[in-house]
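Working notes for the structure below.
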Number of protein chains: 2
Amino acid sequence: MDFSDWMKGVQARTEAALDHYLPAAGQAPARLHEAMRYAALGGGKRVRPLLCHAAGEALGAAPGMLDAAAAAVEMIHVYSLVHDDLPSMDNDALRRGKPTVHVRYDDATGLLVGDALQSQAFVTLCAPVLPVPLRAALVGELAVASGSVGMAGGQAIDLASVGLKLDRAALETMHRLKTGALLRAAVRMGALTGAMGQATEVAPAGTPVAGTPVAGTPVAGTPVAGTPVADAQRAALDAYADAIGLAFQVVDDILDVTADSATLGKTAGKDALADKPTYVSILGLDASRALAKSLRHDAHRALESFGARALRLAQLADLIVERAY
Amino acid sequence: MDFSDWMKGVQARTEAALDHYLPAAGQAPARLHEAMRYAALGGGKRVRPLLCHAAGEALGAAPGMLDAAAAAVEMIHVYSLVHDDLPSMDNDALRRGKPTVHVRYDDATGLLVGDALQSQAFVTLCAPVLPVPLRAALVGELAVASGSVGMAGGQAIDLASVGLKLDRAALETMHRLKTGALLRAAVRMGALTGAMGQATEVAPAGTPVAGTPVAGTPVAGTPVAGTPVADAQRAALDAYADAIGLAFQVVDDILDVTADSATLGKTAGKDALADKPTYVSILGLDASRALAKSLRHDAHRALESFGARALRLAQLADLIVERAY
């Protein structure tokens, strides 16, 4: 399968998984559920689910388990976008080519949609398809990456840095938290699913098998599944994730000054307008482009020990650097 | 130990557990961590931690494990208060006798403090002191109770009902989600800790024992701990939680019209001002008081099969109905 078909396949799986793991639009409270689905479905590049599936494939994970992990990390990403767009944050009206949630609904609904999407991510990681020890491991990764020493902490530093002259190191620290932590979690969650999920996927989700313990009700004496990711593999994947995480942000900053809003599906030029420090404002456009290429090289090198199994991860590194939106 | 001393003991443990499970104030990003601690520490009745410990005691749970569960459920409660106080929601300036987070800091920080406290609750449920299967079970309870079919969903219904004439059934549905779901989760999480935590607490947190698997790295073949709460016990505890959950709200509505802001530590009379439906506005004051007493009776009856083990749960039902703030 070529990369483009693989990517479309994962994006379609992710859309289906989000549809499955989000409450139905008709379920009460219907307006909230409709707004959650408005925010999460039908758009987005699904970069985090792609990373999760690519890392999972490198470690032989079952696709049905990866769907749950990928949906959860995407719900966290979407919640962060919804809150980031609120008037008290970036006050943005356009996202993924559609009116933002608080514009389409109202500010309070935007707040609650984000809150409920965060909860739903952790509900999703308790899906019956995932072995119990894997659930706990995935929750640990995602919660740390989402919180005050991860994404939310990066947002706080971002807010505090508006109008300040950050140096490159401070900018990098901010982005390592704001976007890097969740991208890294997506890779790690895929790898964990490969390492810890293999022993027990005996049946697809929702198909009870006679004699199989009901999910969520572990029975004393049942062996736990799998083993965690080996240290060397995890270090290699973290190095990969760090490189593509920074590359992603550098390219975002480049696109903010070189692309238009219609192409981006969000407001272009807003960083300069908000006087936010960016790689382009600190390094200039040419050096930023060179940095993105060098980070792509770092990402490829980190994957060497995986050989052909890391094909999709390598292709995603290329995509992240070469993307036009 | 008399009830008052027991309660003070749990409140002190909870304060210490929150201090332990929240990132240090000096840790970067320092302003966010300081604001999270401002919101969570040094106040509050700690009703949910009290319920968690009381239910845990009824099922023989280890106090150190209950501390983690109680801190997590309190972090969710505090996050909901911080977001509820934001200008786009209730726009409240006073909470637990102090300026609200967005007043003391700013609106964006209020948003991020709530977001990060929610993540931190799930980080806390991955604490090394908890056996891995218990972590997954607690996450499942707390995530469902926090989300769109629990607390956040109740908030959405509450918002949509301002100015409407709700009947008693609709009001009850709203409160079952908005406050009832988390109170029930607190009881269930204590019970789960009793049922699933007993087999493995061989050492206090942070004291590695030779031969013990390192927390977070489950090893294939390790037996999982404990068994879930028996159906009859869970049904009894759910009935108890439903009764005290509604009683809690009825008494809140009574106090909103009979107590002053200084006693409550939050703005009194705001429901009537906001034209929000309450038990007092629907039933009147006398019938609301009679309802609270009848719910207390229901709570006591639900506990009968537990005998003396449920002493603290019974005393908490009394406290919830008789409280003055």
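Nothing in this text is a laboratory measurement; each read-out follows from the coordinates by a stated rule. Note that the structure is predicted; figures quoted are calculated from it, not measured. Neighbour counts are summed over all protein chains in view; Cβ atoms, including those assigned to glycine, are modelled from backbone coordinates with ideal geometry.
Among the residues of B:33-42, the average count of other protein chain beta-carbon atoms within 10 Å of the residue beta-carbon is 1. One Cα centroid belongs to segment A:105-147, the other to segment A:37-76; the line between them spans 13 Å.
Note on chain A: dipole from Cβ charges, positive end direction compared against A:I320, A:S261, A:A272; the farthest Cα belongs to A:I320. Residue by residue along A:105-115, Cβ atoms of other protein chains within 10 Å of the local Cβ number 6 on average. Sorted shortest first, the separations between the B:H297 label point and its copies elsewhere in the assembly read 8.1 nm; each point sits 7 Å from Cα along the Cα-to-Cβ line.
When only alpha carbons are used to place a centre, segment B:8-24 and segment A:235-308 end up 41 Å from one another.
Counting charges near B:D318 (Lys, Arg +1; Asp, Glu -1) among other residues having Cβ under 15 Å from its Cβ returns a value of +4.
Against the longest principal axis of chain B, how steep is helix B:3-21, in degrees 0 to 90 to the nearest 10, with axes from Cα atoms? So the helix axis and the longest Cα principal axis differ by about 70 degrees. Annotation: amide H of B:R95 within the under-5 Å range of B:T100, sequence separation 5 or more or interchain, hydrogens built in the peptide plane. Distance between the 7 Å Cα→Cβ label points at A:L273 and B:A12: 5.6 nm.
D by Stokes-Einstein for the protein assembly as shown, Kirkwood Rh over Cα pairs, 10 °C, 1.306 mPa s: 63 µm²/s. When each of B:L112, A:L313, A:L22 is scored by the number of other beta-carbon atoms lying within 10 Å, the sequence from fewest to most is A:L22, A:L313, B:L112. Across segment B:251-260, coupling constants 3J(HN,Hα) worked out from phi with the 6.51/-1.76/1.60 Karplus curve, θ = phi - 60°, read 5, 4, 5, 5, 5, 4, 9, 10, 10, 9 Hz, and Gly and Pro carry x. The dipole here belongs to the protein assembly as shown: it is taken about the Cα centre, uses +1 on the Cβ of Lys and Arg and -1 on the Cβ of Asp and Glu, and is about 500 debye. Segment A:240-325: which trypsin sites (Lys or Arg not before Pro) are DSSP loop and have at most 16 other beta-carbon atoms within 10 angstrom? For trypsin sites (Lys or Arg not before Pro) across segment A:240-325 that sit outside H, G, I, E and B with at most 16 neighbouring Cβ atoms in 10 Å, the list reads A:R323.
The order of B:I254, B:I76, going from fewest to most other C-beta atoms within 10 Å of their C-beta, is B:I254, B:I76. With K and R counted +1 and D and E -1, the other residues having a Cβ less than 14 Å from that of A:A12 yield a net charge of -1. Sequentially through segment A:288-297, phi angles give Karplus couplings (6.51, -1.76, 1.60; θ = phi - 60°) of 5, 5, 5, 4, 4, 5, 5, 5, 4, 4 Hz, Gly and Pro residues having no value and appearing as x.
Sorted from greatest to least, the principal axis extents spanned by the alpha carbons of segment A:1-76 come out as 40, 21, 17 Å.
Take A:P99, move 7 Å from Cα toward the beta carbon, and the resulting point lies 3.5 nm from the same point in each other copy, nearest first.
Gyration tensor analysis over the Cα atoms of chain B returns equivalent ellipsoid semi-axes of 32, 25, 17 Å (largest first, whole Å). All other residues whose Cβ lies under 13 angstrom from that of B:A292 are scored, Lys and Arg at +1 and Asp and Glu at -1, for a net of -2.
Counting every other Cβ atom within 10 Å of each residue's Cβ, B:M151, B:M89 order from fewest to most as B:M89, B:M151. Taking amide H atoms as placed 1.01 Å from N in the peptide plane, the amide H of A:V149 has no partner under 5 Å among residues 5 or more positions away or on other chains. Potential lengthening of the chain between A:R234 and A:L311 amounts to 26.0 nm, from the contour at 0.36 nm per residue minus the alpha-carbon distance.
Calculate how steeply helix A:30-40 sits against the longest principal axis of the alpha-carbon atoms of chain A, using the helix alpha-carbon long axis, and give the answer as 0 to 90 degrees to the nearest 10. Roughly 70 degrees, rounded to the nearest 10.
Sorted from shortest to longest, the distances between the A:P63 label points of this copy and the other copies are 5.3 nm, with each point 7 Å from Cα along the line through the beta carbon. The phi-based Karplus calculation (6.51 cos²θ - 1.76 cosθ + 1.60; θ = phi - 60°) puts the 3J(HN,Hα) values of segment B:67-76 at 4, 5, 4, 5, 4, 5, 5, 5, 4, 5 Hz, whole numbers, x for Gly and Pro.
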